[in-house]
1. Does D85 satisfy the condition of being assigned to a loop (DSSP other than H, G, I, E, B), at pLDDT 95 or above, more than 27 Å from Y200 (Cβ to Cβ) and of a type in the set (D, E, K, R)?
2. I'm told M176 meets every condition in (1) closer than 22 Å to E394 by Cα; (2) in a helix (DSSP H, G or I); (3) touching a residue at least 60 places away in the same chain (Cβ under 8 Å) except one. Can you identify the failing condition by its number?
3. Being crowded, with 16+ Cβ neighbours inside 10 Å and either in contact with a Lys or Arg (Cβ under 6 Å, 6 or more places away or on another chain) or not aliphatic (A, V, I, L, M) (or both) is the filter here; which residues of segment 90-103 pass it?
4. Answer yes if at least one residue in segment 19-33 is aliphatic (A, V, I, L, M) and either free of Cβ contacts under 8 Å to residues at least 24 places away in the same chain or touching an Asp or Glu at 6+ places or on another chain (Cβ under 7 Å) (or both), and no otherwise.
5. Spot the failing condition for F78; the list is (1) touching a Phe, Trp or Tyr at 6+ places or on another chain (Cβ under 9 Å); (2) touching a residue at least 60 places away in the same chain (Cβ under 8 Å); (3) in a loop (DSSP other than H, G, I, E, B), and only one is missed.
6. Between D31, D58, which is under 21 Å from Y120 (Cβ atoms) and not hydrophobic (A, V, I, L, M, F, W, C)?
7. Can you name the residue in segment 314-359 that is in contact with a helix residue (DSSP H, G or I) (Cβ under 7 Å, 6 or more places away or on another chain) and small (G, A, S) and, of all such residues, is surrounded by the fewest Cβ atoms within 10 Å (Cβ to Cβ)?
8. Look at segment 229-263 and say how many of its residues are over 16 Å from G204 (Cβ atoms), part of a strand (DSSP E or B) and either polar (S, T, N, Q) or without any contact (Cβ under 8 Å) to a residue 12 or more places away in the chain (or both).
Amino acid sequence: MPGYPFEPVPEPEILSRIRNLKKQMAEQRLDALFLTHRPDIYYFCGTAQDCYLYVETDRDPVLFVKRYLPRARQEAAFTRIESIDSVRDIPLWTQAHFKRLPRVCGLAFDVVPVRDYLFYQQLFPGTAFKDGSPAVEACRQIKSAFEIEKLEAAALASKLTFDFMEKNIRPGLSEMEFAGMFEAYSRTLGHSGKLLTRHYRLEGFPFHVLSGKNGGLPGGLDSPLCGTGMSKAYPYGAGPKPMEKNEPILVDFGTLLDGYHIDESRMFVMGKMTDKARDACLASIEILVAVREKMAPGIALGEVFETAVQKAEALGLKDQFLGLPGLKSRFIGHGIGLELVENPVLARGRKEVLKPGMVFAVEPKCIFKNEFAAGIESMIHVTETGSRFLSLTENKIFSC
C-alpha cells in the first residue's frame, strides 16, 4: 500500500500465538473462540482494523473484516480473511463453510457488554457461550522476545520524556500545563496519546501530575494517589494548581509506543524538599528494589505484595503506604503490555506464581494526607532466573 509506514508483526510470531491459544482453548474445552476486543484481535492476528477473529481448535483462524479490508490484508499475518458487511454474516459464513456452528464458544466476558452477549446468543443458535478470557490472558501475560523489544523501545521513549521533564519543569506552570508540555514532546517520539484499558470503569490518562498538597488529596481513583483533575466531572490527575519551588511533585506518565505501554512514576523537586518528604521518596525506591529482588519464577503474586508491605512497615510507612488507612490499595503492581493494566496483578492473597516473560509496572507509593505524595513506578521483567528492571528511566528523585 503506497505510503504505508508500518512493518507487520512477523508471521512466525502470530502463528506461535495462535498455537498457544489453541492449546489454552483445548484445556478449557472450547470448540471455538470469538474475539471482538481490538487489543485481543491485534495480538492474535496483527491488525486492529474493524474486524472480528474466529478461531476453532482444529481449523485455521478466520478474520472477518468490516473495514478496512486492504489494510487488514496487508497487516494480518495469516491468509483466511473474509469481507463482511455485518457481524450477522459470521455465523452464516461459518455454517456455509464449516457445516455447523460450534457447540461451545468462548467470548471475553470481561469486555463483552451484556447487550452484545445477548445479541451473539441470537446469532449463534444452539451454541453455549463460555468465558474465553482466561485462554486469552494465559497467552498475553507471557511476553515473547518480540514483545520485550517493543517494550524496551517504549521504555526509551519514556526515559527521554522524563529527561524532557527535568529540563523544562519550572515554578509557576500549572500541573496540567506541564502535563501538556511533556505529553506533546512524547508525541514527537511516537507516543500514541491514548492509553488502552480493559475495564469499562478504569480510566487511562497520561496527565498524572501531583504537586505538593495535591499529592496528599485522596479521591475516587483505585490507587493510593488521585489528584484534583480539572473538574468535579473528571476528578483525577493534573489540575490547575501552579507548581512551586521546594515541594514534592509526583509525575506518573504512561507511554504507548507501537502498541505497547510503559507506565512510570518519578518524583521531582525544584529546589529542596523537606527531609520528611525526601526520606519518604527514598523509602519508596528501597521498597521497589526489595520487590524486584523478590520477584522470580515460582514466587506467588501475593508473596510479592507482602514483601512490599513488610518493607514499608519496616521503614515506618505503615499508615501512608498504598493509601490512607481504610482506603489502601490491595495491589503493588499490575501486568502491562498492549493494555495499560493487564493480568496478572501483584495483589494481596493471589496464589498464582510468577513466570518467565511476565512484565509488571510496580508502584510503591505513599500518601501523606493534605501534605504530599511520595512514590515511584518502574517496569520489571521476570526472566528465567529472576527479574530485571525493564525501565530505562533512573530510579531516583529528579532535582531541578
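1. So D85 passes the test.
2. In the conditions (1) closer than 22 Å to E394 by Cα; (2) in a helix (DSSP H, G or I); (3) touching a residue at least 60 places away in the same chain (Cβ under 8 Å), M176 misses (1) alone.
3. Of everything in segment 90-103, those that are crowded, with 16+ Cβ neighbours inside 10 Å and either in contact with a Lys or Arg (Cβ under 6 Å, 6 or more places away or on another chain) or not aliphatic (A, V, I, L, M) (or both) turn out to be P91, T94, P102.
4. yes
5. It fails just one condition, (1).
6. Only one candidate passes the filter, namely D31.
7. If we take residues in segment 314-359 being in contact with a helix residue (DSSP H, G or I) (Cβ under 7 Å, 6 or more places away or on another chain) and small (G, A, S), then G349 is surrounded by the fewest Cβ atoms within 10 Å (Cβ to Cβ).
8. 1
The values are calculated or read from the model by the stated rules, or taken from the named source; none is laboratory data. These figures come from a predicted structure and were not determined experimentally. All Cβ positions, even for glycine, are placed from backbone atoms using ideal geometry, and neighbour counts span all protein chains on display.
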